[in-house]
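The values are calculated or read from the model by the stated rules, or taken from the named source; none is laboratory data. None of the values given here were measured: they were computed from a predicted structure. In this analysis, Cβ positions are derived from the backbone assuming ideal geometry, glycine residues included, and neighbour counts consider all displayed protein chains. Surface accessibility is based on the protein's heavy atoms, side chains included, excluding ligands, DNA and RNA. Shrake-Rupley method; radii C 1.70, N 1.55, O 1.52, S 1.80 Å.
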Amino acid sequence: MIRFIDVALAYSRNAPALRGVDLHIQKQEFVFLVGSTGGGKSSLLRCVYREVVPQAGKVFVFRKDVTKMAPREIPFLRRRIGVIFQDFLLLPQKTVYGNVAYALEVRGAPLKVIRQLVPEVLEWVGLSRKLKSLPDELSGGEQQRVCIARALVNKPDILLADEPTGNLDPETSVGIVELLRRINTRGTTVVVATHDENIVNQFRSRTVRIEHGKVISDRDEGGY
Amino acid sequence: MVTSFSGIRFFCKEFAENLRRSPFVAVTHGLQVVISLMVLGFFVILMAFIGSFLFSLRNMVEVYAFLQTDLPAEKYAQIEEAIRQLPNVKELQYISREDALKRFSESYHIEVEDILEYNPLPPTYILRPVDVSKTEELAAQLEKLDGMWQVRYGRKEVASLMKVLLGVQVVFALTMLLLLSAAWSSVNNIIRMSVYSRRREIRIMQLVGATNSFIRWPFLLEGAFFGILGALVALLLIYLIGEAVYTLLQNLKIFLPTIVDKQAVFTLLALGLVVIGFLIGVVSSYTTANRFLGHELRRIEVMRRMEAEL
């Protein structure tokens, strides 16, 4: 599903973000990317949804090398990948329903489909009673659930979560990762970049440690 | 390309929401377009008046061709035929010796024949050239005709008129360019502000897989809307101010020569400003949005360059 072959990425000459990364993530896997802040976890995720292009190596997503992808193909790649962030990236002026519907609207989905899918996915993440609420009226955990719903509404094959629990208290964080695990059991490949030790230790799963841009360990069901 | 009804509905909804959300930006945007196009409109009107006046002077250029007096009748017919064959002749008027004498007497109140006992005035052709800049050439062609006595025209005046006309055209072109670039840059700044204030939406759109053309559409719609609305408001203001100035000048008994058709100038101006407003709005929205969307591609280019340097 995702394959990195000897990938090197640098944002400036003296700041390498990834160095010789080799990584293979199978379909329907649940993977934690761990490591210290600035170690390269987010950069690795950004390579997958082609927000950055590495200077060396290859990144295969859905069997296609995204480093060679033409700019016009990128939106179609991203339609198969859901991304969630630590800072939620929600539109403050839109309701919960509006934020989730937005992901379908910008793809030109018909109104009928939007009206059917949005309530469904919001119910699935436990927000069916908050459809008309604005993001500011929600707790951090609820905002992250909206973000997950927005990523899920397009039924992605891959879900990338970049520090999804970074702004949340431990209890809420557990709830969010449980939700991500549920998504994974439905068949979606989930990659979670985190430095939350408790979460990784609690949800034993494949754990890839990245430090200074290099993969230094890769263990099945390994802890932090 | 937007092909679906849902896409169009989305653009309209987003556009209305943006107007409601940031009325200050919308008003500033609208005012910028109105002011830029109004200045442009007034300048075009002023130039239309000055240009029409100068071009009307062109029609006053005349060439006098005096013929010899002792030619046989058939020779005069040949000369007239030869003049008619010349390429730069717009109008031709024949003044016989008798008419010339009559005109002279009327102008100077002198009976020449009573004094000289004969008519000394030659038969004359008065010509208006098609192209005033080639008057000298026409005069030279006339002088070469057999039976021609003398050719006269306001050589210095024509040369001065041509210089002034050229100068006016150059000043008009340069000022138009300046005003258009001023209008372009002020509209551009506002669009840039609008794009920047919506960078969060743009980022979300990119992440969920919207194509660049889809992301661009609401900005194009906004640009077109403000361009056309700005042009219409500018036209209304130009009309009201123009009428007020015209009435004021009439009340002050200041003579206003009718050298241009006011209605025609305003109609052309209306069409021109709406087209310019639309084009400035759409093109500047397109380029600004593209520049913003191109950030990602530029970042990739920078990284590739770095790779080559390493």
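Scan region B:25-41 for residues that are within 15 Å of residue B:182 (Cα to Cα) and open to solvent by 30 Å² or more (accessible area, probe 1.4 Å) and the total you get is 5. Here residue A:76 passes the criteria (1) at pLDDT 90 or above; (2) more than 10 Å from every other protein chain (Cβ to nearest Cβ); (3) outside any strand (DSSP E or B); (4) open to solvent by 10 Å² or more (accessible area, probe 1.4 Å) except the one numbered (2). Mind listing whichever residues of region B:120-132 are of a type in the set (Val, Ile, Thr) and either in contact with a His (Cβ under 8 Å, 6 or more places away or on another chain) or not in a loop (DSSP other than H, G, I, E, B) (or both)? Once the filter is applied, which keeps residues that are of a type in the set (Val, Ile, Thr) and either in contact with a His (Cβ under 8 Å, 6 or more places away or on another chain) or not in a loop (DSSP other than H, G, I, E, B) (or both), region B:120-132 yields B:124, B:126, B:132. Taking the criterion of being within 21 Å of residue A:43 (Cβ to Cβ) and away from chain B (no Cβ under 11 Å), the residues of region A:149-161 that qualify are A:158, A:159, A:161.
Taken over region B:189-233, residues that are of a type in the set (A, V, I, L, M, F, W, C), within 14 Å of chain A (Cβ to nearest Cβ) and open to solvent by 40 Å² or more (accessible area, probe 1.4 Å) amount to 1.
Quick check, is residue A:82 within 18 Å of the chain's Cα centre (by Cα), open to solvent by less than 40 Å² (accessible area, probe 1.4 Å) and not acidic (Asp, Glu)? In short, yes. Within region A:87-124, the set of residues being more than 10 Å from every other protein chain (Cβ to nearest Cβ), open to solvent by less than 60 Å² (accessible area, probe 1.4 Å) and modelled with pLDDT of 90 or more comprises A:95, A:96, A:100, A:117, A:118, A:119, A:121, A:122. If you go through region A:154-175 one residue at a time, how many are farther than 26 Å from residue A:113 by Cα and either small (Gly, Ala, Ser) or in contact (Cβ under 8 Å) with a residue 12 or more places away in the chain (or both)? So the count comes out to 13.
Listed here are the residues, each with its yes/no results for (1) at positive phi; (2) within 14 Å of chain B (Cβ to nearest Cβ).
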site	(1), (2)
A:3	no, no
A:11	no, yes
A:23	no, no
A:40	yes, no
A:47	no, yes
A:57	yes, yes
A:61	no, yes
A:68	no, yes
A:72	no, yes
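Is there a residue being away from chain A (no Cβ under 14 Å) and either in a helix (DSSP H, G or I) or open to solvent by 40 Å² or more (accessible area, probe 1.4 Å) (or both) anywhere in region B:7-24?
yes
The residues of region B:165-188 that are over 30 Å from residue B:289 (Cα atoms) and either surrounded by 13 or more Cβ atoms within 10 Å (Cβ to Cβ) or among the hydroxyl-bearing types (Ser, Thr, Tyr) (or both), listed by number, are B:165, B:168, B:169, B:172. For residues that are part of a loop (DSSP other than H, G, I, E, B) and either modelled with pLDDT of 85 or more or surrounded by fewer than 13 Cβ atoms within 10 Å (Cβ to Cβ) (or both), scanning just region B:89-119, find the one that is nearest to the chain's Cα centre (by Cα). That would be B:96.
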